[in-house]
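One structure is given below, encoded as C-alpha cells.
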Amino acid sequence: RALAESRPGIRLIGVDVSSKAVQAARHRARLANIPMTVLQADAAESGAQLRAIGVRAIDALVVAETLYYLGGEARVRLALAGLEGLLSPGAAVVMLHPSDEADGLHAAAMHATGAHLQARSRIDDPLRPYTIDVARVPTR
C-alpha cells in the first residue's frame with residue numbers, strides 16, 4: 001500500500017507459482033484498493049509472462065522467501081536468467097531469506113540479474129534469523 005500511495009501511477013506486479021497465493025494476493029489487493037496485477041508463474045517463466053502483459057522494464061524486484069524452492073544456486077541462476085533485459089539500469093533487487101541460506105542464494109540471484117550488493121542487514125531473530133540484501137543493476 002505504501003509503495004502504491006507514494007508513487008502515483010506505479011505499476012505493481014506480483015508473481016507466484018502457487019494458485020492459492022495468487023488468489024489471496026489478488027483478494028488482499030482488491031480489499032485494500034491497490035491497483036496490482038498478480039500472475040501465476042514459476043521463476044523460470046516469469047520473464048516471459050511479464051513480457052506477455054507488456055512489461056518492458058522492471059525498476060524494482062523483490063524476491064522474498066522463494067529462492068530456496070528452486071533447488072540450489074545453479075537453478076537460481078538459470079531461473080532468473082529469464083529476467084535478463086527486463087531489469088532497468090539502476091533497478092533495485094531486494095532479497096530476503098533465512099541467514100543460513102542467504103549468502104549463496106543471493107549471490108546466485110545477483111549473478112543472474114547482473115546486480116551488485118549495496119546493503120546487507122542481518123536480523124538475528126531467535127526463532128529464525130534472516131538476511132535482507134539490497135543490490136543494484138549497474139547504470140549504463
Open item on the list: Could you give each residue of segment 55-70 its phi-based ³J(HN,Hα) in whole Hz, using Karplus coefficients 6.51, -1.76, 1.60 with θ = phi - 60°, and x for Gly or Pro?
Closed with: 6, 10, 8, 10, 8, 8, 10, 10, 10, 10, 6, 10, 4, 5, 6, 7
Task: For residue 41, distant residues with modelled amide H under 5 Å away - done: 16, 17
Task: Net dipole in debye of segment 64-135 [+1 Lys, Arg Cβ; -1 Asp, Glu Cβ; about Cα centre; nearest 20] - done: 160 debye
Open item on the list: Nearest 500 deg cm²/dmol is fine: what mean residue ellipticity at 222 nm does the chain get from its DSSP H runs of n ≥ 4 alone, each adding -39,500 (n - 2.57), divided by its residue count?
Closed with: -11000 deg cm²/dmol
Task: Unit charges on C-beta of K, R, D, E only; dipole of segment 1-128, Debye - done: 560 debye
Task: Highest-first arrangement of 12-25, 82-95, where packing means the average Cβ count within 10 Å - done: 82-95, 12-25
Open item on the list: At 7 Å along Cα-to-Cβ for each site, give me the label-to-label distance between residue 84 and residue 101 in nm.
Closed with: 2.5 nm
- [ ] Can you find, among 43, 91, 123, the residue farthest towards the positive end of the dipole of the chain? Put +1 on the C-beta of Lys and Arg, -1 on that of Asp and Glu.
- [x] 91
Task: Karplus-derived HN-Hα couplings along segment 81-98 (A = 6.51, B = -1.76, C = 1.60, θ = phi - 60°), whole Hz, x at Gly and Pro - done: 4, x, 8, 4, x, 8, 6, 5, x, x, 4, 8, 10, 10, 10, 9, 8, x
- [ ] Provide the net charge surrounding residue 19, with neighbours chosen by a C-beta distance below 14 Å and charges set as Lys +1, Arg +1, Asp -1, Glu -1.
- [x] 0
Task: Unit charges at the beta carbon, dipole of the chain: most positive-side option, 6, 106, 64 - done: 6
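Return the percentage of antiparallel bridges among DSSP beta bridges fully within segment 9-137, rounded to the nearest 5 %.
Just about 55 percent of them are antiparallel.
Bear in mind these aren't lab numbers, they're just calculated from the coordinates by the rules spelled out. Keep in mind that this is a model prediction, so the values were computed, not measured. Note that we place each Cβ from the backbone using ideal geometry, even for glycine, and neighbour counts take in every protein chain shown.
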